[in-house]
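Undergrad: Below is the structure I would like to discuss, written out as structure tokens.
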Amino acid sequence: MLRRKFNLKISISFLLITVLSIPAFAQGWDVPEAQKSKNSNVVFDAGATKEGESVFTKNCVSCHGNPGKGNFMKTLTPPPPDLAGDKTHNLTDGELFYILNTGRGVMPSFKNILSETDRWKAIAFIRSFHKGYVQVVSKTDPEKSKLVKINVSFDEKSNKVTVDVKANEKTGVVALKETEVSLFAKRRFGNLQIEKSGRTDANGVISFNFPKELPGDKEGNVELIVKISNEAYGEVESQSKMKLGIPTDVPSLTKERSMFNVMKKAPWWILITYFSGISIVIGFFIYMLLNLKKLFDLGKK
Ligand code: HEC
């Protein structure tokens, strides 16, 4: 019976894994032309490769295994390729970068997990296994990202957050049109993305509908994170605090008694329930010992 249940569980897991990864059976990666030819600002030298190795060990080895060793997770469908292989070798840097950004099926999207530099360093590490590979370094100036100014505003009437992306060039202020913008609200555990990422209009502006009932801190402040990605200016991130949440008095994780308190301050009801449970067990044990002693004494008589 137990065996059958176990088999059933395995069959269901396999079925789920297969169904979930059906879209991933598509062969090859459909990478937009403009992304294919993208190159890295980061030079793939020994330093970048070494740092890429530690990025890879933390984020990729669990599935892909060590390049060239064939120790990838064979139970996944499709299996994560050994990244030292020819298939990966033949992808352009831009394609690799795109794959890391978007993910597919089981392969996660690393766009909001790793910084742009770390994504390129992971690719530097992968390239170190590709014989004959010669890097073409991007001609875009990494210093350009420092010129970007992100302005975030909130309109209470329409409940919209507007992001305005400009660059302070020497020749004057330039609106960054066609720039990908993602908006997040900082939460205690990870960030909550507000709507889908979108692209700025001709004035470098994009608006997001902000959810009405998002809890903020005591004053209703919510920390907003804006991430932009522009062809010429690279990726830039900005953080700002704004009063657009519902004021909520969340107990701090260290101050008061709360369920997930990290400072040994569990709520009283948990402590009382726990200790009464323990006392009953210990009490019962003592009661048994006493009775045993009685039996023992009786036997002696
Ligand atoms: C949860 C498992 C998992 C993790 C973690 C993961 N990948 Fe993947 N990756 C996959 C799977 C599965 C595929 C195949 C997806 C497909 O073909 O649809 C894949 C495909 C790829 C490809 C395409 C290779 C080719 O030749 O087609 C690259 C490149 C890649 N991953 C790089 C990375 C890097 C770099 C990391 C770490 C930053 C990473 N992956 C983390 C599972 C994973």
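Okay, residues lined up against (1) crowded, with 16+ Cβ neighbours inside 10 Å; (2) in the same structural domain as C60 (by TED's automatic domain parsing):
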{"site": "I113", "(1), (2)": "no, yes"}
{"site": "D118", "(1), (2)": "yes, yes"}
{"site": "V134", "(1), (2)": "no, no"}
{"site": "E156", "(1), (2)": "no, no"}
{"site": "G220", "(1), (2)": "no, no"}
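Undergrad: Consider only pairs whose beta carbons are under 8 Å apart and that are at least six residues apart or on different chains; among these, list those whose first residue lies in the range 121-145 and is touching a residue at least 12 places away in the same chain (Cβ under 8 Å) and whose second residue is away from the ligand (no atom under 16 Å from the Cβ) and among the small types (G, A, S).
TA: Pairs that qualify, where the first residue is touching a residue at least 12 places away in the same chain (Cβ under 8 Å) and the partner is away from the ligand (no atom under 16 Å from the Cβ) and among the small types (G, A, S), are T140/A232; T140/G234; P142/G234; K144/A167; K144/A232; K144/G234; S145/G234.
Undergrad: Now, a different point. Return yes or no: is G85 more than 9 Å from the ligand (Cβ to nearest atom) and in the same structural domain as N39 (by TED's automatic domain parsing)?
TA: No; evaluated as a whole, the condition is false for this residue.
Undergrad: For the range 69-114, name all the residues that are free of Cβ contacts under 8 Å to residues at least 60 places away in the same chain and among the small types (G, A, S).
TA: Listed by number, the residues that qualify are G70, A84, G85, G103, S109.
Undergrad: Quick check on the range 57-82: of everything there that is of a type in the set (A, V, I, L, M, F, W, C) and within 6 Å of the ligand (Cβ to nearest atom), which residue is farthest from I113 (Cα to Cα)?
TA: Applying the first criterion (of a type in the set (A, V, I, L, M, F, W, C)) to the range 57-82 yields 60-61, 63, 72-73, 76.
Adding the requirement that they be within 6 Å of the ligand (Cβ to nearest atom) leaves 60, 63, 76.
Details: C60: 12, C63: 16, L76: 22 Å.
Residue satisfying both the conditions and the ranking: L76.
Undergrad: Taking the stated definitions as given, is V134 farther than 30 Å from G220 by Cβ and part of a loop (DSSP other than H, G, I, E, B)? Lay out the reasoning, then the answer.
TA: Numbers: farther than 30 Å from G220 by Cβ: yes; part of a loop (DSSP other than H, G, I, E, B): yes.
When the stated conditions are applied, V134 passes them.
Undergrad: Name the residues in the range 92-106 that are at pLDDT 95 or above and within 6 Å of the ligand (Cβ to nearest atom), would you?
TA: L96, I99, L100
The values are calculated or read from the model by the stated rules, or taken from the named source; none is laboratory data. This is a predicted model, so every value here is computed, not measured. Cβ coordinates were reconstructed from backbone atoms using ideal geometry, including for glycine residues, and neighbour counts include every protein chain displayed.
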